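Here the structure is laid out as C-alpha cells; the discussion comes afterwards.
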Amino acid sequence: MSSRAFGRAFGALAVVLAAGCGKGDPAPEPKAEPKGGDRGALVYAQYCAGCHGPEGKGDGTIVLAQPARSFAARPWRTGPEPTPELIRKVTLEGISAVGMAGFRNLSAPDLDAVVAHVQKLATTGAPTARVQTEGAKALAAAGFAELAGPAPPLLLVDARGTETRLSQLSGKLVLLHFWGTGCAHCQKEIPALDALEKAHAGRLRVLHVCTDEPDAKAAQQVLDKSAPGALAHVEANDLGLARYQVQSLPTVWLVGPDGGAIGKSGGAKDWTAEPQAQLLARWLPPAK
C-alpha cells in the first residue's frame with residue numbers, strides 16, 4: 001500500500017472511530033450489566049464518558065478540538081434545560097458543529113437508559129452558569145461552535161500542483177471549507193465564499209478542501225461546473241479529515257491570523273447573511 005493510500009485509509013478510520021456508532025451497523029451491546037442494574041451508567045461509560053467524563057463534567061480522556069460540555073453548565077447550547085426530550089434529540093442526531101456524531105443505532109432500551117443517566121448527571125447538584133464571551137455569541141449567532149488552541153497542521157495541493165500549508169497563511173483570517181463532489185449544498189455556497197474572499201482581499205483566505213476526490217484536477221473539473229473561478233484543493237497527506245473532525249458536509253473551520261482555531265460549523269450557511277458578515281469582521285486583520 002502506498003503512503004498516500006495508507007494516509008487516506010488511516011484518516012477514514014479515524015473519522016469512523018471519532019463518529020462512534022452514529023451510522024452503519026447497530027451499536028454493539030454493552031457486555032456486562034453493572035452492579036445495581038444501572039444500564040444507563042454502562043452505556044454512558046462505553047460511548048460517552050471518553051469525551052464528557054465519568055460524571056459529565058466535560059473532563060474525559062479523549063482530546064477534542066473543543067472540550068466537551070459539562071452537563072451542569074446552563075444554558076446548554078442546544079436548549080436552556082436538559083430535558084429528556086432534548087437529551088434524546090442530541091443523542092440521536094449529534095451536533096455537527098462540534099463534531100459529535102449521532103447514536104441512531106442504539107437499541108431502544110439502551111437509548112432510554114442513557115438518556116435517563118445523562119439527565120441524572122445534569123441535574124444532580126447545583127447548575128453552573130455558562131458565561132458566553134462576545135466572540136462566543138458571534139459564533140453562535142452564525143451557527144458556529146467555539147474552538148480553542150492551535151489549528152491542526154494542514155498541507156494542501158491544487159490542480160496546478162501548488163502546495164499550500166496552513167502555517168504559511170499567518171496574518172490572514174482563513175476559512176477552511178471542506179466540501180465533496182457529490183455535495184450540492186457545498187458547491188452552492190462556494191460562489192458566495194469566493195465573493196467574500198475578493199471583498200476582503202489580502203485579509204481573508206478561503207480554501208475549498210475536497211474530501212472525496214484525491215485527484216485535485218478531477219476535483220477542479222467538478223468545481224468548475226458550479227463555481228467557475230473557484231480553486232479546488234485536496235490534502236497532500238490525507239489526515240485532515242481526522243484532524244479536523246469532518247463528519248458531515250460542508251464543514252467549515254475558521255482559523256485566526258495567529259493560527260488559532262476560532263470556530264467550526266456543520267451544514268450549509270447563507271454567507272450573505274448579517275451574522276456571517278459580523279463573524280468575519282470580528283476576526284479579520286486590519287486593512288493595510
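Odds and ends about this structure:
- Any hit, the range 136-146, residues being on the phi > 0 side of the Ramachandran plot, out of contact with any strand residue (DSSP E or B) (no Cβ under 8 Å at 6 or more places or on another chain) and at pLDDT 90 or above: no
- ARG165 being under 20 Å from GLN276 (Cα atoms), charged (D, E, K, R) and assigned by TED's automatic domain parsing to the domain that holds PRO250: no
- Evaluation of SER167 against the conditions (1) in contact with a Pro (Cβ under 9 Å, 6 or more places away or on another chain); (2) crowded, with 21+ Cβ neighbours inside 10 Å shows that the sole unmet condition is (2).
- Among the residues of the range 108-123, just one is polar (S, T, N, Q) and free of Cβ contacts under 8 Å to residues at least 40 places away in the same chain, namely GLN119.
- When the range 189-233 is limited to residues that are touching a residue at least 60 places away in the same chain (Cβ under 8 Å) and under 20 Å from the mean Cα position of the chain (by Cα), the one that is nearest to LEU156 (Cα to Cα) turns out to be HIS233.
- Residue match in the range 264-284 (condition: in contact with a strand residue (DSSP E or B) (Cβ under 6 Å, 6 or more places away or on another chain), part of a loop (DSSP other than H, G, I, E, B) and either crowded, with 19+ Cβ neighbours inside 10 Å or modelled with pLDDT of 95 or more (or both)): yes
- Qualifying residue in the range 216-238 (condition: of a type in the set (Gly, Ala, Ser), assigned to a strand (DSSP E or B), surrounded by 15 or more Cβ atoms within 10 Å (Cβ to Cβ) and at pLDDT below 95): no
- Total residues in the range 120-158 satisfying the condition of being surrounded by 14 or more Cβ atoms within 10 Å (Cβ to Cβ) and among the acidic types (Asp, Glu): the figure is 2.
- In the range 118-140, the residues that are in a loop (DSSP other than H, G, I, E, B) and more than 24 Å from the chain's Cα centre (by Cα): THR124, GLY125, ALA126, PRO127
- Whichever residue in the range 248-261 is assigned to a strand (DSSP E or B) and over 19 Å from MET100 (Cβ atoms) and, among such residues, is nearest to the chain's Cα centre (by Cα): VAL255
The values are calculated or read from the model by the stated rules, or taken from the named source; none is laboratory data. Everything quoted here is computed from the prediction, not taken from an experiment. Cβ atoms come from the backbone with ideal geometry, glycine included; neighbour counts cover every protein chain shown.
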